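A short write-up of the structure that comes next.
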Amino acid sequence: MAEFSIVIICRNEAFAIAKTLQSLQGLTEDIVVYDNGSTDGTQQVVKQFNVQLHEGSWEGFGKTKTKANNLAKNDWILSLDADEGIDEELKQSLLQWKPENDAIVYDILFKNFLGNQYLKYGEWGADHHIRFFNKKIVHWDDAAVHEQLVLPAGVTIKKLKGYVLHQTMKDLPDYAVKMVKYAMLNAEKYYIQGKKASWFKLRLSPGFTFFNYYILKRGFLDGYAGYVCARMTAWYTFLKYARLKELQQMGKE
């Protein structure tokens, strides 16, 4: 069996994590699930599988993912979210994978779903992320949201065949709650970085965001789901800058 670990952080993902863990069976003997205070029974679902369940505090996405990676037995890490399963082609790619050297990372294609609909266009179309790497060489930054991997000079990026299957949201209420959460977190991140909510960003960025994803990136070809995604992201953009403006005003008091 391959010498790599799979690491998942989660909170209140009972509806999705069973499908994710089922797709990972037979890949590795070391699957780490790091739960951050679920109250919906996620832990009980996870315990049905042969995985390591750890529970700990939430420290933002970057720091929490790093903490979870440190619990893995192997240096090579496949990093997934609780709502990200894999297809059979990616599973076979991982089963056949052999480490060449530690300074390689692997970029993986994503198929994103809103409910049961595969989103081929708009914000979610042609999606891909680096998710397979050696933790001795590559690590997550400390960002509370929209965390990124820090890639040192000399790292080579390669592709793995197959797809991560991302169940973006189970329904519209879940979508709305997550958008508000991410908007608030990103506003705080921008405030700490000293960014400003300018007149342009607050009033025009939401509209441009919708135009970009729905028209320029052809989200309209995904039908009603494409329209919902573009409108939700425009709403998220407005909330993010409105909250940033509020933080700026509070900081002046």
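Values in this text are rule-based calculations from the coordinates and carry no lab data. Quick caveat: nothing in here was measured; it's all calculated off a predicted structure. Here Cβ is always computed from backbone atoms with ideal geometry, including for glycine, and neighbour counts include all displayed protein chains.
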Next item on the list: Treat each spin label as a single point 7 Å out from the Cα along the C-beta direction, and report the Y227 to D141 distance in nm.
Entry: 3.7
Check: Quick one: Cα centre-to-centre distance for segment 119-133 and segment 160-175, in angstrom?
Finding: 10
Item checked: Lys/Arg +1, Asp/Glu -1 at C-beta; segment 5-169 dipole; positive extreme among H139, T39, A82 -> H139
Notebook entry, point to check: Dipole magnitude of the chain about its Cα centre, charges +1 at Lys/Arg Cβ and -1 at Asp/Glu Cβ only, in debye to the nearest 20?
Noted result: 960
Check: If you average over every viewing direction, what projected area does the convex hull of the Cα atoms of segment 139-253 give, in nm²?
Finding: 10.0
Item checked: Per residue Cα convex hull volume in Å³ - calculated over the chain -> 139
Next item on the list: Run the quick spin-label model on Q117 and E246: label points 7 Å from Cα toward the beta carbon, then report their separation in nm to one decimal.
Entry: 3.0
Checklist line | Potential extension, D174-D102 segment - 0.36 nm per residue separation minus Cα distance | finding: 22.1 nm
Note to self: At 0.36 nm per residue, and after removing the present C-alpha to C-alpha distance, how many nm does the segment from Q25 to E3 gain when stretched out fully?
What the structure shows: 6.5 nm
Item checked: Length gained when the stretch Q148-F200 is fully extended (0.36 nm per residue, less Cα-Cα span) -> 16.0 nm
Check: Highest GNM mean-square fluctuation, the chain, Cα pairs closer than 10 Å: which of A72, A153, A234?
Finding: A153
Margin query: Ignoring everything except DSSP H segments at least 4 long, calculate the 222 nm mean residue ellipticity for the chain; use -39,500 (n - 2.57) per segment, divide by total residues, nearest 500.
Written below: -12000 deg cm²/dmol
Checklist line | Radius 11 Å from Cβ of P99, net charge of other residues (Lys, Arg +1; Asp, Glu -1) | finding: -3
Check: Cross-link partners among lysines for K170, C-alpha distance below 21 Å, same-chain residues fewer than 8 apart left out?
Finding: K19, K111, K120, K178, K181
